[in-house]
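K.L.:
Attaching a single structure in structure tokens format; questions to follow.
The values are calculated or read from the model by the stated rules, or taken from the named source; none is laboratory data. Every value quoted in this text rests on a predicted model; they were computed, and no experiment measured them. Using ideal geometry, Cβ is built from the backbone for each residue, glycine included, and neighbour counts are taken over all protein chains shown. Surface accessibility is based on the protein's heavy atoms, side chains included, excluding ligands, DNA and RNA. Shrake-Rupley method; radii C 1.70, N 1.55, O 1.52, S 1.80 Å.
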Amino acid sequence: MQFSSYAKGLVLAVSLAFVAGCSSSGGTQDGTMGGTSGSGAAGQGVGSGQVSGTGMNGGNGTTQASQQGIPSVRTIYFDFDRDTIRSEFESVLNAHAQYLRANPNARVVLEGHTDERGTREYNMGLGERRANSVQRFMNVQGVSPSQLEVVSYGEERPAVRGNNEDSYAQNRRVVFSY
Amino acid sequence: MKPLLNLWLAAVLVLFAAQAQANLTIEITRGSDRAVPIAIVPFAVEGGGSLPDDVAQVISDNLERSGQFDPLSRNSLIARPSSSGEVNYRDWRAVDADYLVVGQAREEGSNYRMQFELMDIYGQRRMIGEVVTSDRNELRSAAHYMSDQIFEAITGLRGAFSTRIAYVTSEGVGDDMRFALYIADADGRNSQEILSSDEPILSPAWSPDGTKLAYVSFETERPAIYIQDLATSQRVRATSFPGINGAPAWSPDGRRLAMSLSKDGQPEIYIMNIAERSFERMTNSSSIDTEPSWSPDGRSIVFTSDRSGGPQLFQLDVASKQVERLTFTGNYNARGRYSPDGDSLFLIHRGNNGYQVARQDLGSNRLTTLTDTRWDESPSVAPNGSMVIFATQQGNNGVLGAVSADGRAAFRLPAARGDVREPAWSPFLN
């Protein structure tokens, strides 16, 4: 979630790629244990995710990253109980696809979120479905699977609070977290 | 499996945040019409004065919260006896008390030696009496013990007042949030922080012996299941597969953990053998399969799946992996938990009034809604089956609620600030 720790990971990933002579050819393994970006996360000690103070994410147009050309719109929204990509957001996804194709070392976490209704672990599954839907779209657009990782937050990180449809609609989302 | 093993061995010590307090208060929201009237007289202290904690009041609050008792108010107590010998049964019949509790205490160094007695007013007899010695700082625990004895003597059901609850608090929104995992006494007092994080914490689950909690934490920015020993604070990361690592549930023998893992592409139910760190996949469908919970006999697991459309509860036979659908009322039934006798399920049911705690009788398959709140989640059953604790909303805040298993009595446990959710009722601890 936090930009700075991701940035560290990115630097690490890039330098590892150099050292390893770019061995990122594990295409077919991706999505199974082969794509264990979990091992990257495992390398960080427990709790290291808490070191940087302020959380930052997409939508903020003033970050250093966005100056490097990451599309500024980083959140798309979903209908209730749906994981289909609304046509109005296809241009957003295309812009990210274009950026990722042009920057094969760039990686993004697709964070899936739901509104607060229903049970938490089931919503974890629904959030994953939304992020998977975006992942499939990106793959079809020619983005390498190795650049994408899905993390579902379910209903755990609502963007706004409130038991009304307005709030729910803002919480049913997938965020591109670079 | 190798990295997992290494992670397992890398046990991490988590320090208790010494003074972190998030005590919950209790508001009774619905009293039962069948509650039994009982008089509880303040304990007499030898040499005068009063106890540092009002033991009689703690007992009274406990019994009232169970929904099965209606304690008389203090100003309607007709006399203040402190032992059975001083009781005039006719007096108490006059004020319609069915039962009477009296007690006396004597200070002995840093301890109090307390005697309590329970009388059956109509039977005109003393039912139980016991001497309890307690440190002056542990008087509430002693009162919970006495409540357990009184409850069992009258109802025949083991009391669950000496148990604890785990729960999660959160503050903030979006990327600026703070999460914490707490355990507290069943009455919401004596809370203790177990873990805090800027990343989500959810799904705490007590081991059957009450010594450990399994839970999901996103502290590495990815979900992982941890098992933490409550006495030593030592913990291990049990799983950190790609994708969802969620919904840990202990088998009744404490050796296995059922969970939901999405490493195969969608959430599936797995069983982990904790000692061997081996995993067995139990479901196989393209749907979301999650929220497993073991039957008391350990032979089956109830879980949530949307394989037939909306989420419904299914029962998995652990030996054969055969799956059978259990719920058919309405289009949203999730997060099932067995009653301790295995005869019914508590679950979240979506009806016309929102998401509510319901009970389904497994004999008749009849489903009954128990709550009148609209945003209920996470039902967790007391070890004696008498109450269900759950998360719900009060205004825009997450609070804990509890309802008696028959739906007749209910109370709320709001927090002073922030949201509270994900309650998990401990097993019997004594």
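K.L.:
Semi-axes, largest first, in whole Å: what does sqrt of 5 times each Cα gyration tensor eigenvalue give for the stretch B:33-155?
P.N.:
Three semi-axes, in Å: 22, 16, 12.
K.L.:
Separate question: Kindly compute the accessible surface that chains A and B hide from a 1.4 Å probe when together, both sides summed, and give it to the nearest 100 Å².
P.N.:
Separately minus together, A and B give about 4400 Å² buried.
K.L.:
Is the stretch B:131-191 rounded, prolate or oblate when judged by the Cα gyration tensor, a ≥ b ≥ c being the square roots of its eigenvalues, rounded requiring a/c under 1.5 and prolate requiring a/b larger than b/c?
P.N.:
Oblate, because a/c is 1.5 or more while a/b does not exceed b/c.
K.L.:
Also: Mind checking the per residue accessible area of the protein assembly as shown for me, 1.4 Å probe, whole number of Å²?
P.N.:
41
K.L.:
From the phi angles alone, apply the Karplus equation (6.51, -1.76, 1.60; θ = phi - 60°) to the stretch B:123-129 and give each ³J(HN,Hα) in whole Hz, x where the residue is Gly or Pro.
P.N.:
x, 6, 9, 7, 8, 9, x
K.L.:
Looking at the square roots a ≥ b ≥ c of the eigenvalues of the Cα gyration tensor of the stretch B:46-96, which shape do they give, rounded for a/c under 1.5, prolate if a/b is larger than b/c, or oblate?
P.N.:
oblate
K.L.:
Right, here's the next one. Under 1.5 on a/c is rounded, so check that first for the stretch A:77-150, then, if it is not, pick prolate when a/b is larger than b/c and oblate when it is not; a ≥ b ≥ c are the square roots of the alpha carbon gyration tensor eigenvalues.
P.N.:
prolate
K.L.:
Suppose accessible area is computed on protein heavy atoms with a 1.4 Å probe; arrange B:R366, B:R359 from highest to lowest. Present the calculation step by step, with values, prior to reporting the outcome.
P.N.:
Numbers: B:R366 165, B:R359 65 Å².
Highest to lowest solvent-accessible surface, that is B:R366, B:R359.
K.L.:
Now, a different point. Give me the net charge of B:S147's neighbourhood, meaning all other residues with Cβ under 12 Å from the Cβ of B:S147; Lys, Arg count +1, Asp, Glu -1. Show your work: numbers first, answer last.
P.N.:
Numbers: positive: B:R65, B:R140, B:R158; negative: B:D61, B:E64, B:D148, B:E152, B:D185, B:D187.
Charge balance near B:S147 sits at -3.
K.L.:
Ignoring everything but the protein chains, give the 1.4 Å probe accessible area of B:K212 in square angstrom, nearest 10.
P.N.:
Roughly 70 Å² of B:K212 is accessible to a 1.4 Å probe.
K.L.:
Would you pull out the residues with amide H under 5 Å of B:M127's amide H, same chain only if 5 or more places away, H placed 1.01 Å from N?
P.N.:
Hits under the 5 Å cutoff: B:L118, B:M119, B:D120.
K.L.:
On a 1.4 Å probe surface of the protein chains, which of B:E193, A:E165 comes out largest in accessible area, and what is the full order?
P.N.:
Working: B:E193 30, A:E165 95 Å².
Descending order: A:E165, B:E193.
K.L.:
Given Cα pairs under 8 Å that are at least 6 residues apart, what percent is the relative contact order of chain B?
P.N.:
Relative contact order comes out at 14 percent.
K.L.:
Using the C-alpha atoms of the stretch B:192-343, what convex hull volume per residue, in cubic angstrom, is computed?
P.N.:
Values: hull volume 19.3 nm³, N = 152.
Cα convex hull per residue, to the nearest whole number: 127 Å³.
K.L.:
Tell me the accessible surface of A:R101 in square angstrom (1.4 angstrom probe, heavy atoms of protein chains only), to the nearest ten.
P.N.:
110
K.L.:
In addition: Could you order B:V236, A:V73 so the one with the most accessible surface comes first? Probe is 1.4 Å. List each step's numbers first, then the result.
P.N.:
On the way: B:V236 25, A:V73 80 Å².
Highest to lowest solvent-accessible surface, that is A:V73, B:V236.
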